[in-house]
Structures are given as structure tokens and as C-alpha cells.
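Asks: First the structure, then my questions, so here it is.
The values are calculated or read from the model by the stated rules, or taken from the named source; none is laboratory data. Everything numeric here is computed off the predicted structure, so don't read it as measured data. As a convention, Cβ positions derive from the backbone with ideal geometry for all residues, glycine included, and neighbour counts pool all protein chains shown. Areas reflect the complete protein model, heavy atoms only, side chains present, ligands, DNA and RNA absent. Shrake-Rupley method; radii C 1.70, N 1.55, O 1.52, S 1.80 Å.
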Amino acid sequence: AQRLITLVSDIIKISELDENSSAFERENVDLYSLSEEIIKRLTPYAKKHNVEIKLHGEHTSILGVRKILDEIIYNLCDNAIKYNKENGTVDLKLQKQEKSVIFTIKDTGIGIPLLDQNRIFERFYRVDKSHSKLVGGTGLGLSIVKHAAIIHGAEIEVISKIDKGTEFRITFKK
């Protein structure tokens with residue numbers, strides 16, 4: 001029942017993102033403070049999996065939709081914990097540049113095979129179907145991240161190596 005509730009919730013989120021991005025109210029959002037809040041929410045889950053989450057960088061704000069930015073960061077951190085190794089780490093890093101803010105989430109997890117990397121943002125796509133039952137989820141998290149990044153005019157890049165980890169780099173224009 002809980003899995004169905006989560007699935008319906010994720011489908012509603014992605015439908016809202018598909019409908020009309022101009023309908024969202026934008027405000028200045030401090031990505032560092034938002035990341036701190038998300039880390040606090042995820043710390044019990046990370047401890048359960050023996051994964052340490054660290055935040056680097058400085059306070060920096062962008063014009064965006066707080067709820068949707070929360071979805072991006074939360075989903076990427078959740079995956080970084082879920083697909084990490086025992087005693088692994090998740091590093092969040094904020095870098096201010098002249099015309100952009102680069103937000104990086106890097107883990108020491110299992111990695112994503114090169115052939116799958118161009119498909120991970122597809123709805124319901126799973127890299128390893130056998131692993132999916134163990135970790136749960138709906139297969140919509142990265143699709144939500146992609147749509148949320150598009151709404152913010154951000155570019156998202158994936159760098160991953162098997163058994164070395166995955167890095168998601170999101171570039172927000174100022």
C-alpha cells in the first residue's frame with residue numbers, strides 16, 4: 001500500500017512539472033540552507049546505511065521554486081545513499097561562478113554503466129531490475145529531477161564509473 005501511495009505521489013509530481021512551468025511562484029532560494037535541511041531529514045536513513053553526507057561550499061541563492069529544488073536535491077541524495085556502499089560518502093558541493101551556480105552531488109556507490117547513463121532520466125527506467133526490489137522506489141525520481149532542472153533552466157550532467165560512484169552536476173544560470 002505504501003509503495004502505491006509513493007507511486008501515485010510521484011506520478012502527480014511529474015504531471016505537475018509537465019503541465020505548466022510558468023505557473024510556479026519563484027523566489028530567492030539559498031541552496032546551501034536548503035541542502036542543510038535535506039541532509040537533516042536524510043541523516044537517519046544515511047546512518048542506517050552507514051553512509052556519511054557532507055556539504056561543502058558557501059551560501060548561494062538562485063531564483064527558483066523552493067519545493068521543486070527540494071525535490072531535485074532530495075531525490076539525488078536519496079539515490080546517492082540508496083545505491084552507495086557500506087561506509088560510503090555523499091558529498092554535496094556548491095560552487096559560485098560569475099554567471100552560474102554549480103551544484104554537485106557525488107557518491108562512492110555502485111555506479112551506473114555507461115550504456116545506461118543516457119536512459120536513467122526516462123520514466124520507470126531501472127538500471128538493475130533485481131537491485132530495484134531491494135532498494136524500493138518508483139523509477140520516477142530521476143525523471144522528476146530532469147523535469148525540475150528544465151523548469152529552472154538548469155543543465156544536468158552525469159559522470160559515473162562502475163564500483164567508483166556517481167556524480168550529478170547541475171548548472172543553474174544566475
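Asks: What pairs come out if I take residues in the range 107-119 that are free of Cβ contacts under 8 Å to residues at least 60 places away in the same chain and pair them with residues that are among the acidic types (Asp, Glu) and surrounded by fewer than 12 Cβ atoms within 10 Å (Cβ to Cβ) whose C-beta lies under 7 Å away, six or more apart or interchain?
Replies: Taking only residues 6 or more apart or on different chains, the pairs are ILE110/ASP163; GLY111/ASP163.
Asks: Identify all residues within the range 117-155 that are surrounded by 15 or more Cβ atoms within 10 Å (Cβ to Cβ), of a type outside the set (A, V, I, L, M) and modelled with pLDDT under 80; write none if there are none.
Replies: We begin by selecting, within the range 117-155, every residue surrounded by 15 or more Cβ atoms within 10 Å (Cβ to Cβ); these are 117, 120-121, 123, 126-127, 137-149, 151-152, 154.
Retained after the next criterion (residues that are of a type outside the set (A, V, I, L, M)): 117, 121, 123, 126, 137-139, 141, 143, 146-147, 152.
Within the range 117-155, GLN117, PHE121, ARG123, ARG126, GLY137, THR138, GLY139, GLY141 meet the criteria.
Asks: Another question, then. Step by step: first the residues of the range 156-174, then only those that are of a type in the set (Val, Ile, Thr) and under 16 Å from LYS82 (Cα atoms), then the one that is least open to solvent (accessible area, probe 1.4 Å). Which residue is that?
Replies: So the first thing to find is which residues in the range 156-174 are of a type in the set (Val, Ile, Thr), and the list is 156, 158-159, 162, 166, 170-171.
Checking the rest, the ones that are also under 16 Å from LYS82 (Cα atoms) come to 162, 166.
Working: ILE162: 90, THR166: 9 Å².
Per the criteria, the residue is THR166.
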